[in-house]
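The values are calculated or read from the model by the stated rules, or taken from the named source; none is laboratory data. All values derive from a computational prediction rather than experimental measurement. Here the Cβ is made from the backbone with ideal geometry for all residues, glycine too, and neighbour counts use every protein chain on show. Heavy atoms of the whole protein, side chains included, go into the accessibility calculation; ligands, DNA and RNA do not. Shrake-Rupley method; radii C 1.70, N 1.55, O 1.52, S 1.80 Å.
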Amino acid sequence: MSPKALIEIHPGKFSLNVSGVAGFFGGDEAISAIQTIHHYKYRKWMGWYNSPGSWNVGKKFGKLAKSRLWDGLFPGPDEEPAECFELDGKQGPKYVASRSGSVLEYTGHLAYLIMQISKEELGIQVEGKRITKQNKTLPNEEPARTIPPRSGRHALFAIIPMTVSITTCVLCACMLDWFCFSMILLGIVSNGTFSVVIGSARLVLQGVNSASTAPPGDGMLMDGDNIVLLFGKEEDIATITRGKFVLEYNSLIRDEYNAIGLCSFLLVIQLLLQLLFIPQGKFGGQIMFLISFAFSWAYNLYLSSIDNEYIQEQLILRELRLEEKHIQTFVFGTRTTAAVFACLMLQPPEAFDESEWEPLGFKPENIIHHFIPNDTPVWTAWREKVLDVMRNRKGNQDAWHGRGLLQMSSDEDQRFRPADRELLRQLLEDARIAYDQAMNEQNWLTG
């Protein structure tokens, strides 16, 4: 005598086939949810639920495995773990060093994040384009810094899909629907194992070593009208321009990432088995399977709403000790105002004479050229006046002295045509605005 099911559901003439959504539904949400797993404590232990999107997840992260076997199963270019989790790979803006004279046409992911932070700041309205200056005073630390995961409520919320998945699995057993029972159980095991393996890495901020004799790394990141001024030691600035986030796995997983390949393969096989066996299940079992999927999809949707890039921005501010008092944002009216402000702020505090600039590698005319490459007579006259101000600058001098140098001479009044005179007057007015703001900010920068 065959055993009788403890629970029975009679669908009548209604037929349900959920195999079509077994692995494709919810793939984007599942991938997005996984990509923040290293930021939070205990997340890797909270993946024991029947998650949808197994095919997409397996194909995405299976590319981490590097042997020929895995390359055949998961074709496509090999990716580093940090790129796969969107912790690296974004191209940063151009960087111009004010002392060494070096120019990086493209910087890395961390510089991209710093620029994004700058763009999100409202700033102090000084009349126009945005320019952010940052003062960083960092202690001597090792180039590589392990970033501990943060606390969050995600572990508590994960109890819901885990409980629902286990409950529906048990109910399928009570219905004697072993097809749906085994598929829900397979989903729980495969997703849980994958989460433990993929989430076992340590998140590290990898810096850059610099020579002890290297000059200060002061310089600017340039992205169109958004300029970020950076002040600090060379190794700290190099961390922003050339550093990166790295995911470090233990030696067992790091060996060609075979463990990740196996878990990804299990997720892909899960879809194929679900397509085969779910249609063989009973109506009630299929309902249980859908319920487990629905709750798991809702939880993945909640996790995917977490802004991965915002978390990284907060991490870099915390790790580089960039508190609110170290960052100020100004919005200037013209690019010429921003150029003069940048020159005055990047001028070495101990170099008020032009003869002291060359030993320090400071070339303000190059900084201006990066902002405004014009070499017409009007722009040349304006640039010389700005350089005269910097040559005659004396620490905490009266601001009116500098403003007096930024006036049109009688010779220039006679030499230029009316249109050029009006242009020069406007440019000098922009320079005076920048000069006043720079004088006001000297105490902030050196404080």
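At a glance:
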| item | result |
| --- | --- |
| Meets criteria (surrounded by fewer than 19 Cβ atoms within 10 Å (Cβ to Cβ) and touching a residue at least 12 places away in the same chain (Cβ under 8 Å)) for Ser195 | no |
| Unmet requirement for Thr168, which otherwise passes all of (1) at pLDDT 80 or above; (2) assigned to a strand (DSSP E or B) | (2) |
| Residue count for the range 141-165, restricted to those that are modelled with pLDDT of 85 or more, surrounded by 15 or more Cβ atoms within 10 Å (Cβ to Cβ) and not in a helix (DSSP H, G or I) | 2 |
| Condition met for Glu248 (within 26 Å of the chain's Cα centre (by Cα) and within 15 Å of Ala82 (Cα to Cα)) | yes |
| Close pairs from the range 304-315: first farther than 17 Å from Arg43 by Cβ, partner open to solvent by less than 50 Å² (accessible area, probe 1.4 Å), Cβ under 6 Å, at least 6 apart | Glu313/Leu113; Glu313/Ile117 |
| Check on Glu235, assigned to a helix (DSSP H, G or I), surrounded by fewer than 24 Cβ atoms within 10 Å (Cβ to Cβ) and out of contact with any Asp or Glu (no Cβ under 7 Å at 6 or more places or on another chain) | yes |
| Helices (runs of 4 or more DSSP H) wholly inside the range 8-77 that include at least 2 residues being within 24 Å of the chain's Cα centre (by Cα), surrounded by 14 or more Cβ atoms within 10 Å (Cβ to Cβ) and modelled with pLDDT of 90 or more | 27-34, 54-61 |
| Test: residue in the range 268-290 that is within 24 Å of the chain's Cα centre (by Cα) and either modelled with pLDDT of 90 or more or open to solvent by 50 Å² or more (accessible area, probe 1.4 Å) (or both) | no |
| Helices (runs of 4 or more DSSP H) completely within the range 303-422 that count 1 or more residues being modelled with pLDDT of 80 or more, under 38 Å from the mean Cα position of the chain (by Cα) and surrounded by 18 or more Cβ atoms within 10 Å (Cβ to Cβ) | 308-319, 335-346, 364-371, 377-391 |
| Residue in the range 85-97 that is farthest from the chain's Cα centre (by Cα), counting only those that are farther than 19 Å from Asp223 by Cβ and surrounded by 21 or more Cβ atoms within 10 Å (Cβ to Cβ) | Phe85 |
| Number of the exception - Leu262 against (1) under 28 Å from Lys41 (Cα atoms); (2) part of a loop (DSSP other than H, G, I, E, B); (3) open to solvent by 50 Å² or more (accessible area, probe 1.4 Å) | (2) |
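Yes/no per residue for (1) more than 27 Å from Trp357 (Cα to Cα); (2) touching a residue at least 60 places away in the same chain (Cβ under 8 Å):
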site	(1), (2)
Gly224	yes, no
Leu229	no, yes
Gly232	no, yes
Glu235	no, yes
Thr241	no, yes
Lys244	yes, yes
Ile253	yes, no
Tyr257	yes, yes
Phe265	yes, yes
